[in-house]
Each structure stands twice: as C-alpha cells, then as structure tokens.
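Take a look at the structure below.
The values are calculated or read from the model by the stated rules, or taken from the named source; none is laboratory data. Predicted model, so just to flag it, every value in this text is computed and none were measured. Reconstructed Cβ throughout: ideal geometry from the backbone, glycine too, with neighbour counts over all protein chains shown. What goes into the accessible areas is simple: the full protein's heavy atoms, side chains included, and nothing from ligands, DNA or RNA. Shrake-Rupley method; radii C 1.70, N 1.55, O 1.52, S 1.80 Å.
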Amino acid sequence: MNKTKLFCSMLFTGVLSIGAAQTQTDSTKVEKLEEVVVTDSRFALKRENSGKIITKITSQDLEKLQGQSIAEIIGRTAGVEVNGVRSNAGQNLSYFVRGGRNRQVLILIDGVQVTDPSQIANDYDLRLLNADQVESIEILKGASSTLYGTGAATAVINIKLKEASKKAFNLNLRSTLGTNQSSDEDAYAIEDFRNSIAVNGSLGKFNYLASFGQQYTDGLSAIEGGTESDAFNSYNGNVKLGYKFSNTFKLNTYVSFDRYKADFDDSFGMMDADNVSNSKQYRIGVSPEFKYNKGSITVNAAYNNVEREIESSFPSLFNAESIIVDAFNRYNFSDKFYTVLGVNFQDNQMESFSIPFGATDFSQTINPETAQFTITDPYANVVYVSDFGLNVNAGLRLNNHSEYGSHLVYSLNPSYTVDLDFGYVKGLASYSTAFITPSLFQLFEPSFGNADLDPEENQTIEVGAEVSIKDNATFSLVYFNRNEENFIDFVDTGGFVFQYQNIDQSFTASGLEFVAQAKITKDLDLNLNATYTSLDEDLSLRIPEIIVNTRLDYKVFQSTQMSLSYQYNGDRQDVVFNNATFANDAVTLDSYGLLDFYISHKILNSKMTVFANVTNIFNEDFQELFGFATRGRGVNLGFNLNL
C-alpha cells in the first residue's frame, strides 16, 4: 500500500480555516486570550461559559517550571498521575487519570491526535517531546470521544507548540545542567544536560520557526541498588512554515523528528543488564485554513512514522505508520449558538520482527498487510450560550472501524453560571460516553492477538461547581463516576496459553477533584489541587487513593521569582513476578511527599533568565514502581536567552 500517495491526496481534499482566530492588535486582546478555553468545544469560549473544569498551563506557568519535562509538568495537575517521571530518565511512563491507563488518555499536538500504533496501548510516549518547544497545555478530563474519537476516555491533553514571533528574526537559547542520583548517593556530579535552540520570525505574509533540542542524562541505574548507571539520550527537531495568502486563507505546514536511546535493566530478575531501547518518530503535517462569513472549514492532516528497536535477551523491532485527517466545519449561527460538523479519518498499520529461539536473524512476526485498520468517524457538536446563565454543550459521533464495525458515542454537558459583583459561580453536570479501539498488537499479534475484539466502552458522570473571584481566586470541586465495560485483558485461557479478550465484568472508578488558585497578596500566589480516587481492585495497580499538589509563587522583585512546591502521593498497590510460583505477588508501595524549590532572575533588560531548581529537598527515599530506582535530591542550573 502506497501511504504517501494516500496521504498527499487527502491533504488537498478541502481548504481549511480556524475562523475563531482573530488578529491581535493590542495588549488587551492578548490578555483576553488567557481567559478562554478551547479543548472542550473547539471554540474559544470564556471559561465561565465552559461546562468543564479545564486545567490550563500557560506559557507564564511553563516559565516557572523550567528544567522539568512535559510529563513532570502534566503530572502535577489535578486528577493526573504520570508514573515513572521521578525514576531513571528512560523509565517507561504510565498515565493514570481517573483510574484509567495509557490507552484511555489521548494526546494532541497542535490539535492533531498523536499515537504509536506499534504500542500495545496505542499510546503516545511523552519522552519524545521536548518541553522547550511547548507554548501551552490544556487538559480536559472525562469522556471526550464525541469530539476526539478513540482513546479520549479519561482525558485529552492538548499540547500547543510554540509559534513564530512577529519580529523578522528571533533567537532563543536554553541550557540546563543538573545532577541525577538516588537518595543514598551524595556525589552530586553533573549528569543531566538539556539544551535547545530556536529561531523564528515573520517576513510579511510568511512566518517560520525551527527548533532543536537535546537531552543527555546518566548517573542513575534503572533498578534499585543497581551498580551500573543507565543513560538516556534524546534529540528533537521541529520546523513550522506558514503563509497568509489573504485575510481568509492561509497555509501552515510542519515537519518534526523525535528520537531517544534509553538503557534499561532486567525487570524480571531485577539485575543490571546492557539492554537498550531505541525509538524514532517522524511527523509531517499540513493545515490550510479558510474563513467565510460566519464560520470556517478546518482540516488537520498528518503522517506519522515510528520505529522502535529493543536490544535485550528478547530483541525485537517495531515499525508503525499512521495517517490522520480531521476535517471539520465550525459555524456561528450567532454569538449564542456554535456548531461543529466534521469527519475524522485514521489509517494505521504496523509490523514487528523478533529473533526466534536458537536463531541469529530477525524474522517477521506481524505482517503490515494484515495488521492494518482504518477508522472513519463523522461527528457533530453544538454549544449554546444563553444570556441568562444556561450553557449547553452536546455531541454525537459514529465510529466506523474496518475490523469491528460501527459504534455510537454521545455527550451532554449543561452548566449554569451566575454572574456576581465579585466574579461568578458556575454549576456543571455531564454525561458522556467514550470508546477505546483495540490496538493493532491486540488484534493481530499471531500468538496473543484476537481479531474478534470489540472496543472498550466508558461512561462518565460529572457533577461540580466553580467559583471565581475576579483577579484574585478560582476554586472548583468536581465529582466523577466512570464505568468501564468490554475491558480488554490479557487472559490465561488454560495451560499458560494467553490471549487478549473482552471481559464481561464492568469496573467502576469514582472520586473528587479539588482545585484552588488564589492571589494571597500582590506578590504571592497559591496553586493547590487534591484528588481522591476510589477504584475497583482490578483497576487499582499503582494508582494512589490520595494525591495532593501545591505550589507557592512569590515575586521577590519585579525580575526575581521564587516557587516552593510540594507533591504527596498516597499508598499504592503494585505487583512483582514470583519466579517460584510463576505468578504475580501483590505489594504495597508506601506513600511519599516531595518538596521542590525554584528561583529565577531576569538580567540583560529581561532578555536573559537564569534559574535554579532543588528537587526532593529532603532527599526522601521512595518507590514509584517496585524494584526500580527513583531520584534523590537533585540540583540544576540553567539560563534562557531570548534575542
């Protein structure tokens, strides 16, 4: 199958536009953009008119979190636990949101779904993304398949990359040096190096951005007590080009590559080993945009290629390709009624290779001619914003899958806002359904795959409230209840013969999410979130019942900023393979709390920022995963230069 030809033909099936975007001519409009959210409706709505509690990490927030990875930053938001970010830099990441796992979290980059069809969970690896390339992040929790399709069951993480500046030429340099060691070491050697460079600008109707990032981290073994360190090395490149043909039509394109090499140890015997994981990703996309009187037509089209190689006792190779074309029409009937009509197309395929026992060469285990499926989903979404406080967001999507047929999902999200002199009070409720498509590995792996799998189904109920005090504070509390059906599990069918199968039993996850953002004084800000999650035992692996994150930001001077942050994770259940019984034994991982400090100072007329971090100040010894190492006290220093 010639995917390049198919991709090219789809790129030009329509002309597109994001009609809600307006030209900014003054600072007032720029400030106003900070007050809107997009992910829950694809329209720029005031936060008070949104029926969801959306976490928004702005560029200003990211400035206070320099030196951290995107996974670390996301893992400090309400209801989100990213397991693996506090361990060795090459540790696999697990995304736990509302009792769900990787396959139930959908990640978007500049509005385009990103996945890895070669992974069992079909998830995107955030280790591939460089934080220096990111402009902002929105996190929408709950079932959102009506707008975003498969995988949007517990959260949609919408990552917006940086764009070109209005100047003809802009140069940004960032460099960070730091330590990387366990809590029982005190060498404090420089083992963590992170650097990035970006050039961007606008020349008349043409704009450009090119960025490159690099990370090299060593000094910490993957397993607890290991005597050999396991290095992590990554490179990232991104080029974005845009041309504005007229006030109604413009074209944006991008090309990016991300790659890393991670050493890892033997997780079965918990021994040092010379294992290596190599991952490469290439993405190319195009987005022509066209506006008309009361609306716009938008198409985001992308081609993604992933290559993974595992060098271990069981060497393997994986290659995957995906094409995604999301075309939608946004129309404003009035300033109170907004509609989205669209269709999303995906084409995924993969192949894998392994070395059979006793052989020396790779042989194909999964054939790409077989391991392939397409998805074609028409969808509709409407938003009503009344002048008396009532807001309604509703959607419908028909999933059409080449392997299992059709599946309907829908959502209804009313909210009511009361404007008051001091701000507003908002009550919200929602009922939404979602689906998770079986991965290519689960469907077509010759030994364990099952081509008769149906999609997993989720139903989520949310009830909550948000109180906003103008320019001073925002508080929110949300209760959620998520039901999971058709769970795809790895089942022992007898005689140690395993297969992926849908489970008849349903599972439930419920909980509370509390968020507080307050300006205590003119120069002191508080950010606090707490999550309580109650789970069926079958879903509870590594998911804490209680998570608390808090951060105090203090502006010492106009050019000097300090932050003190604390994260608490409660007890969690994990499993360890028992070599004697050939079964998993349950273990309890103790709770832990981590205190971090950050300071930054602007110099050279605010063109340069120098910053420092001290993480895990009290050098706490803890575990994220049983038997694996975690980072002790760490120190890093860096600068960011913008010319």
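Within the range 255-280, the set of residues being open to solvent by 40 Å² or more (accessible area, probe 1.4 Å), part of a strand (DSSP E or B) and either over 27 Å from residue 584 (Cβ atoms) or touching a Phe, Trp or Tyr at 6+ places or on another chain (Cβ under 7 Å) (or both) comprises 255, 257, 259, 261, 280. Candidates are the residues of the range 598-627 that are closer than 30 Å to residue 541 by Cα and of a type in the set (Phe, Trp, Tyr); the one that is surrounded by the fewest Cβ atoms within 10 Å (Cβ to Cβ) is 618. Within the range 79-107, being within 11 Å of residue 155 (Cβ to Cβ), touching an Asp or Glu at 6+ places or on another chain (Cβ under 8 Å), among the hydrophobic types (A, V, I, L, M, F, W, C) and in contact (Cβ under 8 Å) with a residue 60 or more places away in the chain holds for one residue alone: 96. Are any residues in the range 138-155 surrounded by fewer than 24 Cβ atoms within 10 Å (Cβ to Cβ) and β-branched (Val, Ile, Thr), and if so, which ones? Within the range 138-155, just 139 meets the criteria. Residues in the range 82-121 that are in contact with a Gly (Cβ under 9 Å, 6 or more places away or on another chain) and of a type in the set (Ser, Thr, Tyr): 3 in all. Looking at the range 118-133, can you tell me whether even one residue there is touching a residue at least 12 places away in the same chain (Cβ under 8 Å), open to solvent by 20 Å² or more (accessible area, probe 1.4 Å) and under 17 Å from residue 540 (Cα atoms)? Within the range 118-133 (the criterion being touching a residue at least 12 places away in the same chain (Cβ under 8 Å), open to solvent by 20 Å² or more (accessible area, probe 1.4 Å) and under 17 Å from residue 540 (Cα atoms)), the answer is no, since none of the residues qualifies. Looking only at the range 531-550, decide whether some residue is closer than 24 Å to residue 422 by Cβ, touching a residue at least 60 places away in the same chain (Cβ under 8 Å) and part of a strand (DSSP E or B). Within the range 531-550, none of the residues are closer than 24 Å to residue 422 by Cβ, touching a residue at least 60 places away in the same chain (Cβ under 8 Å) and part of a strand (DSSP E or B). Suppose we filter the range 243-254 for residues that are open to solvent by 80 Å² or more (accessible area, probe 1.4 Å) and outside any strand (DSSP E or B); how many remain? Of the residues in the range 243-254, 2 are open to solvent by 80 Å² or more (accessible area, probe 1.4 Å) and outside any strand (DSSP E or B). Within the range 141-148, not a single residue is among the charged types (D, E, K, R), within 27 Å of residue 36 (Cβ to Cβ), more than 11 Å from the chain's Cα centre (by Cα) and part of a helix (DSSP H, G or I). When residues in the range 223-282 are screened for being more than 19 Å from residue 309 (Cα to Cα) and of a type outside the set (Gly, Ala, Ser), 24 of them pass. Among all residues of the range 400-411, there is none that is β-branched (Val, Ile, Thr) and open to solvent by 10 Å² or more (accessible area, probe 1.4 Å). Condition first: part of a strand (DSSP E or B), aliphatic (A, V, I, L, M) and at pLDDT 85 or above. Can you find one or more residues in the range 574-588 that meet it? Taking every residue of the range 574-588 in turn, at least one turns out to be part of a strand (DSSP E or B), aliphatic (A, V, I, L, M) and at pLDDT 85 or above. Being within 14 Å of the chain's Cα centre (by Cα) and under 24 Å from residue 373 (Cα atoms) is a property that residue 97 lacks. Please work out if residue 565 is assigned to a strand (DSSP E or B), touching a strand residue (DSSP E or B) at 6+ places or on another chain (Cβ under 7 Å) and either among the β-branched types (Val, Ile, Thr) or open to solvent by less than 30 Å² (accessible area, probe 1.4 Å) (or both). Criteria met by residue 565.
Please tell me if residue 541 is under 28 Å from residue 476 (Cα atoms) and open to solvent by less than 70 Å² (accessible area, probe 1.4 Å). Against the criterion (under 28 Å from residue 476 (Cα atoms) and open to solvent by less than 70 Å² (accessible area, probe 1.4 Å)), residue 541 qualifies. Cβ-Cβ distances below 7 Å connect the following pairs, each with a first residue in the range 245-268 that is under 16 Å from residue 112 (Cβ atoms) and among the charged types (D, E, K, R), a second residue that is assigned to a strand (DSSP E or B) and open to solvent by less than 40 Å² (accessible area, probe 1.4 Å), and a separation of six or more residues or different chains: 258/236; 258/281.
Going through (1) touching a Pro at 6+ places or on another chain (Cβ under 7 Å); (2) within 30 Å of residue 504 (Cβ to Cβ); (3) surrounded by fewer than 23 Cβ atoms within 10 Å (Cβ to Cβ); (4) at pLDDT below 95 one by one, residue 355 falls short only on (2).
Contact annotation: residue pairs with Cβ atoms under 8 Å, 6 or more positions apart or on different chains, pairing a residue in the range 553-573 that is closer than 28 Å to residue 542 by Cβ with a partner that is open to solvent by less than 10 Å² (accessible area, probe 1.4 Å) and part of a loop (DSSP other than H, G, I, E, B), are 569/544; 570/544; 571/544; 572/544.
Can we say residue 171 is out of contact with any Lys or Arg (no Cβ under 9 Å at 6 or more places or on another chain) and surrounded by 20 or more Cβ atoms within 10 Å (Cβ to Cβ)? No, not satisfied.
Quick grid of which residues meet (1) assigned to a strand (DSSP E or B); (2) modelled with pLDDT under 85:
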| site | (1), (2) |
| --- | --- |
| 5 | no, yes |
| 21 | no, yes |
| 29 | no, yes |
| 41 | no, yes |
| 48 | no, no |
| 67 | no, yes |
| 77 | no, no |
| 81 | yes, no |
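Within the range 264-271, not a single residue is within 30 Å of residue 337 (Cα to Cα) and in contact with a Gly (Cβ under 7 Å, 6 or more places away or on another chain).
Of everything in the range 50-65 that is charged (D, E, K, R) and not in a loop (DSSP other than H, G, I, E, B), the residue that is most open to solvent (accessible area, probe 1.4 Å) is 63. Output yes when any residue across the range 415-424 is within 21 Å of residue 154 (Cα to Cα) and open to solvent by 10 Å² or more (accessible area, probe 1.4 Å), and no when none is. No, there is no match, as no residue in the range 415-424 is within 21 Å of residue 154 (Cα to Cα) and open to solvent by 10 Å² or more (accessible area, probe 1.4 Å). Restricting attention to the range 176-195, the residues that are open to solvent by less than 60 Å² (accessible area, probe 1.4 Å) and either in contact with a Ser or Thr (Cβ under 8 Å, 6 or more places away or on another chain) or in a loop (DSSP other than H, G, I, E, B) (or both) total 9.
Listed by first and then second residue, the pairs linking a residue in the range 400-426 that is without any contact (Cβ under 8 Å) to a residue 60 or more places away in the chain to a residue that is outside any strand (DSSP E or B) and of a type in the set (Asp, Glu), with Cβ atoms under 7 Å apart and 6 or more places separating them unless they lie on different chains, are 404/454. Output yes when any residue across the range 272-290 is closer than 30 Å to residue 332 by Cβ and in contact with a helix residue (DSSP H, G or I) (Cβ under 6 Å, 6 or more places away or on another chain), and no when none is. Taking every residue of the range 272-290 in turn, at least one turns out to be closer than 30 Å to residue 332 by Cβ and in contact with a helix residue (DSSP H, G or I) (Cβ under 6 Å, 6 or more places away or on another chain).
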